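Notes for the one structure printed next.
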Amino acid sequence: MLLEPEVLISLYALHRNPELYPDPDRFDPNRWLPEQVAQRPREHAVPFGAGNRKCMGDKFSWMEATITLATILPRWELRAVPGTKAPTEAKSSMAHPTRMPMTVYPRQR
Ligand code: HEM
């Protein structure tokens with residue numbers, strides 16, 4: 001019987017490696033501008049894993065997030081409540097905020 005080697009990596013550690021992402025805990029959406037992304041090897045950002053066990057929900061999740069943001073953000077502005085910091089919790093596949101208090105303001109039309 002041929003045993004195939006299994007490789008485990010920590011996506012949490014990869015995505016917070018300061019050599020790849022300076023000041024990794026800072027919220028910086030500009031990291032994902034096309035010109036920034038083009039400077040990094042594709043393997044530096046694998047939120048849905050890779051290989052045989054890659055997430056089957058990746059396309060659904062991108063679509064859901066895009067529709068959600070496209071629905072909310074033209075109408076509402078979300079601002080973090082001053083003085084609060086969103087605590088993050090590392091789970092098996094990702095880290096996410098456990099609570100993020102925000103104030104919602106209607107956008108001027
Ligand atoms: C932002 C949302 C999501 C993220 C970041 C995410 C991330 C991940 C990651 C990192 C893995 C492990 C991949 C690996 O071991 O290499 C995984 C596995 C998996 N995900 Fe997701 N996922 C998300 C949403 C979803 C959704 C919406 C579904 C279902 C509709 C889903 C279904 C699965 C399944 C079934 C696996 C196991 C695949 C396997 O072991 O063969 N995920 N996901």
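The values are calculated or read from the model by the stated rules, or taken from the named source; none is laboratory data. Computed from a predicted model, the values in this text were never measured in an experiment. Note: ideal-geometry Cβ built from the backbone for every residue, glycine included; neighbour counts use all protein chains shown. Please note that ligands, DNA and RNA were not included when accessible areas were found on the heavy atoms of the full protein model with its side chains. Shrake-Rupley method; radii C 1.70, N 1.55, O 1.52, S 1.80 Å.
Summary table below
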| item | result |
| --- | --- |
| Subset of segment 3-21 [open to solvent by less than 90 Å² (accessible area, probe 1.4 Å), of a type outside the set (A, V, I, L, M, F, W, C) and under 15 Å from the mean Cα position of the chain (by Cα)] | S10, H15, R16, N17, Y21 |
| Condition met for E77 (surrounded by 12 or more Cβ atoms within 10 Å (Cβ to Cβ), away from the ligand (no atom under 16 Å from the Cβ) and more than 14 Å from the chain's Cα centre (by Cα)) | yes |
| Residues of segment 22-40 classified as exposed (fewer than 10 other Cβ atoms within 10 Å of the Cβ) and in a helix (DSSP H, G or I), total | 5 |
| Residue under evaluation I67, criteria (1) in contact (Cβ under 8 Å) with a residue 24 or more places away in the chain; (2) open to solvent by 70 Å² or more (accessible area, probe 1.4 Å); (3) among the β-branched types (V, I, T), criterion not met | (1) |
| Qualifying residue in segment 41-58 (condition: touching a residue at least 40 places away in the same chain (Cβ under 8 Å) and surrounded by 10 or more Cβ atoms within 10 Å (Cβ to Cβ)) | yes |
